[in-house]
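Report on the structure given below.
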Amino acid sequence: MDIKQNILKYKNILGKDFKKKDEAYKYFRKKINEFIVNGLGYKIMTEETPIKQSEMLQLANNYASWTNEWFDRKTDGKEIKKWCVMIDDYNNYCLGFMRNEYKAEAVTAKNIFTCFGPGRFNPKEVLKSALRNEIKPQIKKFRESFINSHICALCNGSFNANELDVDHIYPFEKIANEFIELYGQDYLMKCLYKDANGFYYRLQDLSPDEEVYPDSPKDAWLQFHKERATLQMACKGCHYAKTYSKKII
């Protein structure tokens, strides 16, 4: 008997283990279809529903894959505390979460859970998302240094403080790509972990390969970014236009 064939790779999927993604997803869909969705168009998960709220939170902690941009756009930057089952545009049941007390947001499970499908986001984008998370204190410090200056560096317009973003003059994407090339994507992926809430990716303080990289991956990235980043304040319109006028890879 080939022992490898019996390895259960996808563990604790709603309390069960599976060898293959399609088996895990089939079980997940079976449990989704056991729900009875009321007239509101959604049913919030509890500890008594076919899929328990605690099971979904654990699933997100173990297998969710998303970037900051997706998460912030979908949730307004808030934690996902309540998952639900919804009726989609085709009158089928689908997974969702409560965006607020009364608003449910549908998601595609195969896109965001790597135990069900390929995942929507490639590893490099997930890694860059973690790199962005680690520099937030640097970004905050720079913003605070401009608390009394509300001029956009790109159009010279005057704006309220909440209408201005911190912009990288030398694009963040290029800085991140240079760091990834220097340390290697495979190594840095080993350095990722999720924060206490299970939503944001972060870099470890300790290296998983101390013989090759004895320094802290987090400290190395913070120093690398600090040395290369030149920041400025830009209004949201200019910042968006500059960032998305062309895709930088």
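We did not get these values from a lab; they are worked out from the coordinates using the rules stated. Model, not experiment: these values are computed from the prediction. Using ideal geometry, Cβ is built from the backbone for each residue, glycine included, and neighbour counts are taken over all protein chains shown.
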Between the Cα axis of helix 21-32 and the main Cα principal axis of the chain, the angle (0 to 90°, nearest 10) is 70
Where the centre of each part is set by its Cα atoms, how far does the stretch 109-173 sit from the stretch 43-96, in angstrom? 24
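Given only helices, namely DSSP H runs of n ≥ 4 each adding -39500 (n - 2.57), what is the per-residue ellipticity at 222 nm of the chain, to the nearest 500 deg cm²/dmol? Walk me through the intermediate numbers first.
Working: 10 runs with 96 residues, N = 249.
After summing the helix terms and dividing by residue count, I get -11000 deg cm²/dmol.
Given just the C-alpha atoms of the stretch 136-179, how large is their convex hull per residue in cubic angstrom?
Value for the stretch 136-179: 80 Å³ per residue.
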Would you indicate which of (i) 37, 26, 14; (ii) 53, 23, 16; (iii) 23, 22, 19 is the value of semi-axes √(5λ) of the Cα gyration tensor in Å derived from the coordinates of this structure? (i)
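So how do 145-154, 214-223, 128-137 stack up, highest first, on mean other-Cβ count within 10 Å? Let's see the in-between values first.
On the way: 145-154: 13.9, 214-223: 16.0, 128-137: 18.2.
The densest-packed peptide leads the list: 128-137, 214-223, 145-154.
How about the stretch 60-131: which GluC sites (Glu not before Pro) there are in a DSSP loop, with at most 16 other Cβ atoms within 10 Å of their Cβ?
GLU79, GLU101
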Label-zone membership for the stretch 162-190, site LEU206, 7 angstrom Cα→C-beta point, backbone N under 20 Å: 187-190
Excluding near-sequence neighbours (fewer than 8 apart on one chain), the stretch 123-244 holds lysine pairs with C-alpha atoms under 17 Å apart numbering 21
Under 19 Å Cα-Cα from LYS26, which aspartates and glutamates qualify once same-chain neighbours fewer than 8 residues away are excluded? ASP17, GLU34, GLU55, ASP88
Quick one: angle between helix 53-63 and the longest Cα principal axis of the chain, in degrees between 0 and 90, rounded to 10, please. 60
Taking every other residue with Cβ under 11 Å from the Cβ of ARG202 and scoring Lys and Arg +1, Asp and Glu -1, one gets +1
